[in-house]
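Here the structure is laid out as structure tokens; the discussion comes afterwards.
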Amino acid sequence: QVQLQESGPGLVKPSQTLSLTCTVSGGSITTSYYAWSWYRQAPGKERELVAAVTSGGGGETNYVDSVKGRFIISRDNAENTVYLQMNSLKPEDTAVYYCHAYGILNRRVYWGQGTQVTVSS
């Protein structure tokens with residue numbers, strides 16, 4: 001059973017940087033045909049996909065338009081960890097951030113418990 005554990009919650013000021021870590025256990029992030037993602041949910045809003053990276057060698061990435069050029073998703077195969085570096089943070093980035101894994105072929109879905117990110121002056 002794959003388990004995802006987020007870390008790196010924080011309160012930061014606008015324009016600052018914060019990094020989130022998703023530690024994966026019970027499975028390898030190099031397992032073929034998996035996508036590793038970060039979602040977020042702000043109060044009163046639906047959960048949205050923020051960034052994703054595939055498990056393939058190329059590690060294709062995708063971002064929601066609102067974070068393109070500011071956020072970077074990456075993975076460390078040796079540490080079995082997925083990261084989200086968030087630069088130039090804005091108040092509208094305030095949300096609970098969730099780590100997510102999706103098996104493209106077996107359609108299995110895994111979620112972390114979520115971590116709060118607050119951007120406020």
**Item:** Checklist (1) open to solvent by less than 80 Å² (accessible area, probe 1.4 Å); (2) touching a His at 6+ places or on another chain (Cβ under 6 Å) applied to ASN106, failing item
**Value:** (2)
**Complete:** If you go through GLY57, GLY69, the only one that is under 18 Å from GLU79 (Cβ atoms) and without any contact (Cβ under 8 Å) to a residue 40 or more places away in the chain is GLY57
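Please specify each residue of the range 48-85 satisfying the condition of being open to solvent by less than 70 Å² (accessible area, probe 1.4 Å), in a loop (DSSP other than H, G, I, E, B) and either closer than 17 Å to SER7 by Cβ or hydroxyl-bearing (Ser, Thr, Tyr) (or both).
Across the range 48-85, the qualifying residues are SER55, ASN80.
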**Request:** Consider GLU92 carefully, then state whether it is of a type in the set (D, E, K, R), touching a Phe, Trp or Tyr at 6+ places or on another chain (Cβ under 7 Å) and at pLDDT 95 or above.
**Result:** no
**Request:** Go through the residues of the range 32-44 one by one and say whether even a single one is touching a residue at least 24 places away in the same chain (Cβ under 8 Å), in contact with a Gly (Cβ under 8 Å, 6 or more places away or on another chain), farther than 21 Å from GLY10 by Cβ and not in a strand (DSSP E or B).
**Result:** yes
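The values are calculated or read from the model by the stated rules, or taken from the named source; none is laboratory data. Keep in mind it's a predicted model, so treat the numbers as computed, not measured. Here Cβ is always computed from backbone atoms with ideal geometry, including for glycine, and neighbour counts include all displayed protein chains. Side chains are part of the model used for accessible areas, which takes the heavy atoms of the whole protein and leaves out ligands, DNA and RNA. Shrake-Rupley method; radii C 1.70, N 1.55, O 1.52, S 1.80 Å.
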